[in-house]
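Contents: one structure, followed by commentary.
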Amino acid sequence: MMSAPVSTIAEIGKHEGQTVTIRGWLYNQRESGKLLFPIFRDGSGTIQGVVPKNAVAPEVFDAVKGLTQESSVIVEGKVRADKRAPGGYELDVVNVQVLQKVADSDPYPITPKEHGVDFLMEHRHLWVRSLRQAAILRVRAEIIKAARDFFDEREFTLTDPPIITPAACEGTTTLFPVDYFEDQAYLTQSGQLYIEATAMALGKVYSFGPTFRAEKSKTRRHLTEFWMVEPEIAYATLDDLMDLAEGLISFVVKRCLDKRRVDLQTIGRDVSKLEKIVPPFPRITYDEAVKLLQEGHAKGELETKFEWGGDLGSPDETYLSSKFEKPVMVHRYPASVKAFYMEPDPQRPELALCVDVLAPEGYGEIIGGSQRTASYDLLLKRIREHNLPEEAFKWYLDLRKYGSVPHSGFGMGIERAVAWICGLEHVRETIPFPRMLYRLYP
Ligand code: 4AD
Ligand code: MG
């Protein structure tokens, strides 16, 4: 029926002056007397069609006129450059085939008017069609690809850790239990412990996969299922790790600016803020961070006075990161607020050789990492202090028995990175189907 060559809307400029077929959905429609202006979308972009009553067959005019939002259509038309059009082109429609017309009696639930977030989340399977959500998902895909490219180009080997695990990596309070035949198992909180093993085999490794935390808090930064990219490097120190984190973040941001600028603009991101994300990033110690927080309290900018020894809460992170235009690396936290596997600072053993990277504009922690305890005896002591099941960590302790070396790694949460790079208010928009405390559908 449609004989013209098929084009995506994104590529339509290559066919200027020619007749093409596009396959998509009706996004919206305007009518002005004897002229119809349907806007079509196909996943790659949108284009406005022009349908003058006196220039097309009557059945074509009627078919377009009757189209309801999100009806699926195949459209044949001539591509015309138009400087005023958002994508630079318009389509003079000559023919249309309606695959499925959305019933007038049961219209598409998400209209161009405003909807509440709960309604949109309940219709997430449809909400992803909106131009803004589609743009966010394209940026997410770009961030993931950039992170992979960054490590692949630097001779890291991708090693996939298991998702079903016998023990905790990041504390026992956020474990998701899995009934594993006769045994108790959990969904992984992080691939770290396993890639420490593969790092001893391959030197430089990374993992990229879903991770799970039974977070009982409702915040704009927490999901119960999120994706993490984790590098792990034999012989690397905390300083090496900070260089790597800085390199990764600047690489990913630059890639998004190069390839996804239009999407970032669709989302409404102020890209000038992202242009500033170039090395070096500020590095401050936990002690210095505490000083900034206490000064903030004295100036009345922070409600509660932060005491040395505590972990940074969301308001503290937000405050600290608002002081810098670039991500800030906070290193050497008190060991007592951090995970069991972190190497103590030889200068001050009460501190851990760790780093959290806080994104600017109040986005909080996007990367957490550390140097790992190399000593068998100390690691065993820490496992016992944290009341972790020794039996389940036997293999992990082996890594400290057979050629133990200093080694380091970090994890970057993809959704936190997407939220910051896109400038989103909440992580729920950063993943196609978010899993949160009260959200399991769709
Ligand atoms: O700081 P975390 O807990 O570190 C680890 O899991 C280490 N084992 C990683 C490593 O060293 N290989 O988590 C790392 C990052 C955080 O900085 C944050 O970006 C993200 O994972 N993250 C979450 N993102 C969304 N929802 C949650 N509930 C998250 N918890 C952590
Ligand atoms: Mg952390």
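Here, each number is a calculation from the coordinates, and none is a lab measurement. Just so we're clear, the structure is a prediction, and the values are computed from it rather than from any experiment. So basically every Cβ, Gly included, is an ideal-geometry build from the backbone, and we count neighbours across all protein chains shown.
Couplings 3J(HN,Hα) of the stretch 84-89, computed from phi: 7, 5, x, x, x, 9 Hz, in residue order, whole Hz [Karplus 6.51 cos²θ - 1.76 cosθ + 1.60, θ = phi - 60°; x for Gly and Pro]. Compactness of the stretch 12-100, taken as the C-alpha radius of gyration over 2.2 N^0.38 Å, stands at 0.96. In terms of overall dimensions, the C-alpha atoms belonging to the chain reach 85, 57, 41 Å along their principal axes, ordered largest to smallest.
The phi torsions of the stretch 323-331, fed into the Karplus equation with coefficients 6.51, -1.76 and 1.60 and a -60° offset, translate into couplings of 7, 10, 8, 10, x, 10, 9, 9, 10 Hz, rounded to whole numbers, with Gly and Pro shown as x. Across the chain, the relative contact order, built from alpha-carbon pairs under 8 Å that are at least six residues apart, equals 13 percent. A DSSP coil position with no more than 15 other Cβ atoms inside 10 Å describes the following trypsin sites (Lys or Arg not before Pro) in the stretch 24-83: K34, K83. With only Cα atoms counted, the stretch 84-165 has Rg and Dmax values of 20.4, 59 Å. Cross-link partners for K101 among the lysines, with Cα-Cα distance under 16 Å and sequence neighbours closer than 8 places in the same chain left out: K65. Under 5 Å between amide hydrogens, built in the peptide plane, is the criterion, and for T68 it picks out V102 among residues at least 5 positions away or on other chains.
Relative protection proxy for 319-331, 275-287, 361-373, from highest mean packing down: 361-373, 319-331, 275-287 (other beta-carbon atoms within 10 angstrom).
Full extension of the chain between S105 and V178 gives 21.9 nm of extra length, using 0.36 nm per residue less the Cα-Cα distance. Put simply, the amide H of S130, placed in the peptide plane, has no neighbours under 5 Å, leaving out anything fewer than 5 places away on its chain. Applying the criteria of a DSSP loop state and at most 14 other Cβ atoms within 10 Å to the trypsin sites (Lys or Arg not before Pro) of the stretch 163-248 yields K216, K218, R220.
Peptides 350-360, 193-203 ranked from most to least packed give 350-360, 193-203, packing being the mean of other C-beta atoms within 10 angstrom over each peptide's residues.
Rg/Rh for the stretch 248-312 to two decimals, with Rh computed the Kirkwood way over all alpha-carbon pairs. Provide the component values of the computation, followed by the final result.
Numbers: Rg = 17.1 Å, Rh = 14.6 Å.
Using only Cα positions, Rg/Rh for the stretch 248-312 is 1.17.
Working note: Karplus 6.51/-1.76/1.60 with θ = phi - 60° gives the stretch 233-240 the couplings 9, 5, 6, 7, 9, 4, 5, 4 Hz, where Gly and Pro are set to x.
Here are some pairs, K14/K254; K338/K381; K276/K323; K216/K323; K291/K323; K83/K113; which of them have Cα atoms lying more than 18 Å apart in this structure? The partial results should precede the final answer.
Details: K14/K254 27 Å; K338/K381 15 Å; K276/K323 14 Å; K216/K323 29 Å; K291/K323 13 Å; K83/K113 27 Å.
In this structure, K14/K254; K216/K323; K83/K113 exceed 18 Å between Cα atoms.
Estimated purely from DSSP H runs of n ≥ 4, each contributing -39500 (n - 2.57), the mean residue ellipticity at 222 nm for the chain is -8500 deg cm²/dmol once divided by its residues.
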